[in-house]
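Okay, so here's the structure we're looking at.
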Amino acid sequence: MTNAERVRTRLDPGLWSLRGRVTIAFAATSGLMSLALVLLVFARLGDDGVTLGQRVVNRPVLLICCALLAATLGAAVGIWVGRRVLRPLRDVAEAAAKIASGDLGIRLPDTHDQDLASTVDSFNRMVDSLQRRIDREHRLFGDVSHELRTPLTTLTASVEVLNRHRDDLPNARAGRLRWSPPR
């Protein structure tokens, strides 16, 4: 893979996490807004440098510093917002992982967020339905096992009785009994 392909792959937004995309969006937006604001201020001030305390600062240097500061603040806000927005999704993923490992007692807590309430409700109903189906299967397997054991036990007992009374049976029928009970 060439360097250009690697760079293109890294810059592909489809490969970034949602939190990364939110962070970049906040950083870019705040950086561009600060750049526009600084350009507007400098357009009003004129071509002279800007005096900060007793130092005169070049316009381009101040412009770059303001843009970097705004982008850094935007990235920090983006990280915070990304974590806060994605927390419910992370909770759903953790609950789903626990359910997949067999813990069907997990339910998502009710939420007052209207956007998430239907998802939480659907998730909890899905887990309830899954629990009912598994319980139904366990009952079915227990019933089938019982229903199969009962006739087999009766059949085994009948054959054992016949084997014990083999001498009382006519020779033709006694010869057909070649069964030995399981040990």
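Worth a mention:
- Residue within the range 123-132 that is of a type in the set (Val, Ile, Thr), touching a Lys or Arg at 6+ places or on another chain (Cβ under 8 Å), surrounded by 10 or more Cβ atoms within 10 Å (Cβ to Cβ) and outside the structural domain of Val38 (by TED's automatic domain parsing) present: yes
- For the range 78-92, a residue qualifies if it is closer than 15 Å to Pro109 by Cβ and of a type outside the set (Asp, Glu), and the qualifying residues are Arg87, Pro88, Leu89, Arg90, Val92.
- Among the residues of the range 69-101, those identified as over 30 Å from Val127 (Cβ atoms) and either without any contact (Cβ under 8 Å) to a residue 24 or more places away in the chain or surrounded by 14 or more Cβ atoms within 10 Å (Cβ to Cβ) (or both) are Ala70, Ala71, Leu73, Gly74, Ala75, Ala76, Val77, Gly78, Ile79, Trp80.
- The residues of the range 97-131 that are within 30 Å of Phe26 (Cα to Cα), in a helix (DSSP H, G or I) and not hydroxyl-bearing (Ser, Thr, Tyr), listed by number, are Gln114, Asp115, Leu116, Ala117, Val120.
- Cβ-Cβ under 7 Å pairs, at least 6 apart or on other chains, the range 148-168 side surrounded by 11 or more Cβ atoms within 10 Å (Cβ to Cβ), far side of a type in the set (A, V, I, L, M, F, W, C): Val159/Trp179; Leu162/Leu177; Asn163/Leu177; Asn163/Trp179; Arg166/Ala174; Arg166/Leu177
The values are calculated or read from the model by the stated rules, or taken from the named source; none is laboratory data. It should be emphasised that the depicted structure is a prediction, and the values quoted were computed from it without experimental measurement. Counting neighbours? That spans all protein chains shown, and the Cβs are built from the backbone with ideal geometry, glycine included.
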